[in-house]
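The values are calculated or read from the model by the stated rules, or taken from the named source; none is laboratory data. Note that the coordinates shown come from a computational prediction; the quantities given were computed from them, not determined experimentally. Reconstructed Cβ throughout: ideal geometry from the backbone, glycine too, with neighbour counts over all protein chains shown.
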Amino acid sequence: MNNTKYFIILSVMSIFTVMCTGCGKVTNGSSNLTEWRVLFPDEDWNNFPSEESEMFSGILSYDSHDPYPSYVQRYNPYKLGEYDVYCGSSDVLKVYIGKKVVIEGKLEIISVEGHVFREIWPTKIKVEP
């Protein structure tokens, strides 16, 4: 009896997993990485005037090693050329690592503990075709 119960539970879970494959991966209902994906629309830091927005392009990289360990812990593992790409603790950019991307966002220059951070605060991203 117990084996039958576990089999039924696993079967239902498998069906649910197959039905939900891809759910929540990409905003705007698109899984095409060459289409614009809106990032962080509800964040306060991301509500700036459109005239302050710039386009940045290059290959998005990821480096989890913090060269300036400190008590402030300001480190952005995502990089686009000479810039850090700010995304908080989100992994939303993970699918773009190693790809040539275009990011629309705002450049912020921040000084923390004597280190200058040149950060892109992204609003949209897409892979260059």
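Scanning the stretch 91-114 for residues being of a type in the set (Lys, Arg) and modelled with pLDDT of 95 or more gives a total of 2. Pairs are defined by a Cβ separation below 8 Å, a sequence spacing of at least 6 or placement on different chains, a first member in the stretch 113-128 that is within 13 Å of Asn76 (Cα to Cα) and free of Cβ contacts under 8 Å to residues at least 40 places away in the same chain, and a second member that is of a type in the set (A, V, I, L, M, F, W, C) and exposed (fewer than 12 other Cβ atoms within 10 Å of the Cβ); the pairs so defined are Val116/Ile109; Arg118/Ile109. Thr4 passes every criterion in (1) surrounded by 10 or more Cβ atoms within 10 Å (Cβ to Cβ); (2) modelled with pLDDT of 50 or more; (3) of a type outside the set (D, E, K, R); (4) not in a loop (DSSP other than H, G, I, E, B) apart from (1). If you take the residues in the stretch 66-90 that are out of contact with any Phe, Trp or Tyr (no Cβ under 7 Å at 6 or more places or on another chain) and at pLDDT 85 or above, which one is nearest to Leu33 (Cα to Cα)? Restricting to residues being out of contact with any Phe, Trp or Tyr (no Cβ under 7 Å at 6 or more places or on another chain) and at pLDDT 85 or above, the top hit is Lys79.
How about the stretch 31-129: which strands (runs of 3 or more DSSP E) wholly inside it have at least 2 residues that are surrounded by 15 or more Cβ atoms within 10 Å (Cβ to Cβ) and of a type in the set (A, V, I, L, M)? Steps first, answer last, please.
Numbers: elements: 54-62, 78-80, 83-85, 100-112, 115-127.
The strands (runs of 3 or more DSSP E) meeting that bar are 100-112, 115-127.
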